[in-house]
Amino acid sequence: MALAVGMRVLTRSLLRPWVRGPGATPGRTGPVAGGGDCVRCFGSPRVLVEPDPAAGFAVMKMRNPPVNSLSLEFLTEMLISLEKLESDKAFHAIIITSDCPGIFSAGLDLKEMCGRDPTHYAEYWKAVQELWLRFYLSHLVVISAINGVSPAGGCLLALSSDYRVLADNPKYAIGLNETLLGIVAPFWFKDTLVNTVGHRVAERALQLGLLFPPAEALRVGMVDQVVPEDQVQSAARSVLAQWLAIPGHARQLTKTLMRKPTADRLLKERDADIQNFVRFISRDAIQKALRTYLEKLKQKKS
Ligand SMILES: CCCC/C=C/CC(=O)SCCNC(=O)CCNC(=O)[C@H](O)C(C)(C)COP(=O)(O)OP(=O)(O)OC[C@H]1O[C@@H](n2cnc3c(N)ncnc32)[C@H](O)[C@@H]1OP(=O)(O)O
């Protein structure tokens, strides 16, 4: 409920210029790759959308510095931008990438899961579920141009897309590392990974909390392509051409056929999954583990 209200308010306040249409008042302007201003860009404080309606796609850039952690506000803004693009017939695809150097996304925001009350945990988890459901089932082609490290929730976001291009930098590891934090990836994180890399690879990766460097990620099928760092965006654009050449209705129905059973598992148990999360995350031992982990991240600097 709170999420729905939040989304309505944000939609009205942040995206109005685009709602009037690309031919009318331009949206927010900003620098784009290759120089110049992007007169049609729109978005919100944490999500910049660079639309190319003539080519049928938009680039969604995550910019929630320093690490694109998926806070409640950030999740909400991403959902709004996705909804906007989905409801505009000019768009058939999005490329999701990061505006934070070296980081695709650090995953769920640990501060949303630490030292808060059960109502907050429930609201947050519902937003996390919603993000996954919407990206996983989007009728748009979703390509991830992964230009940084992407642990846990960052990896889940990438796994929810249809195709993943990863920059070839040994620092850009990707994986579901929840066990390293002393927490357990929920069944729908696990299902998404199994659907991508198969049962055996997922079983080992999940138990050990493995973060795969690019060559390994490619080998196990966690990503589809590894390219030199300066070619991630162009490679994502190139691959889009192949996806967009397929008749849209056939591709969309096939995507639904492949993914709906996995999404339905969560949809059927959504409230129970929220209750489980709230119970689990509220435990003293889990709160202590998260605090210790956050502390370790801070100490790393000194
Ligand atoms: C049933 C329960 C299931 C719950 C499922 C959870 C899934 C998740 O996604 S849990 C989150 C898992 N994420 C991680 O383990 C990543 C943690 N972060 C890192 O490893 C590193 O930050 C990085 C490799 C992403 C980046 O390293 P870098 O050296 O560039 O930056 P840092 O100095 O480490 O961080 C800067 C700043 O950001 C804070 N931060 C980092 N990650 C998170 C996060 N996930 N949530 C909130 N805040 C985060 C970090 O503490 C630093 O903060 P300060 O500047 O205040 O010290």
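The values are calculated or read from the model by the stated rules, or taken from the named source; none is laboratory data. Predicted model, so just to flag it, every value in this text is computed and none were measured. Glycine gets a Cβ as well: all are built from the backbone with ideal geometry, and neighbour counts include every protein chain shown. For accessibility, only protein heavy atoms count, side chains too; no ligands or nucleic acids. Shrake-Rupley method; radii C 1.70, N 1.55, O 1.52, S 1.80 Å.
Side notes on the structure shown:
- Note on the stretch 51-71: residues that are open to solvent by 30 Å² or more (accessible area, probe 1.4 Å), outside any loop (DSSP other than H, G, I, E, B) and either in contact (Cβ under 8 Å) with a residue 12 or more places away in the chain or of a type in the set (S, T, Y) (or both) amount to 1.
- Hey, L166 crowded, with 24+ Cβ neighbours inside 10 Å and away from the ligand (no atom under 11 Å from the Cβ) or not: yes
- Any hit, the stretch 287-295, residues being open to solvent by 70 Å² or more (accessible area, probe 1.4 Å), within 11 Å of the ligand (Cβ to nearest atom) and assigned to a helix (DSSP H, G or I): yes
- Candidates I143, I103, I96, filtered to the one that is under 30 Å from L210 (Cα atoms) and open to solvent by 20 Å² or more (accessible area, probe 1.4 Å): I103
- In summary, F91 fulfils each of the numbered conditions (1) part of a loop (DSSP other than H, G, I, E, B); (2) more than 20 Å from R237 (Cα to Cα) with the single exception of condition (2).
- Among the residues of the stretch 116-144, those identified as polar (S, T, N, Q) and not in a helix (DSSP H, G or I) are S138, S144.
- Under the condition of being part of a helix (DSSP H, G or I), touching a residue at least 40 places away in the same chain (Cβ under 8 Å) and surrounded by fewer than 21 Cβ atoms within 10 Å (Cβ to Cβ), the residues counted in the stretch 190-214 number 2.
Conditions tested, residue by residue: (1) open to solvent by less than 40 Å² (accessible area, probe 1.4 Å); (2) within 16 Å of the ligand (Cβ to nearest atom).
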residue	(1), (2)
M222	yes, yes
D230	no, no
G248	yes, no
Q252	no, no
M258	no, no
D264	no, no
V278	yes, yes
I281	yes, yes
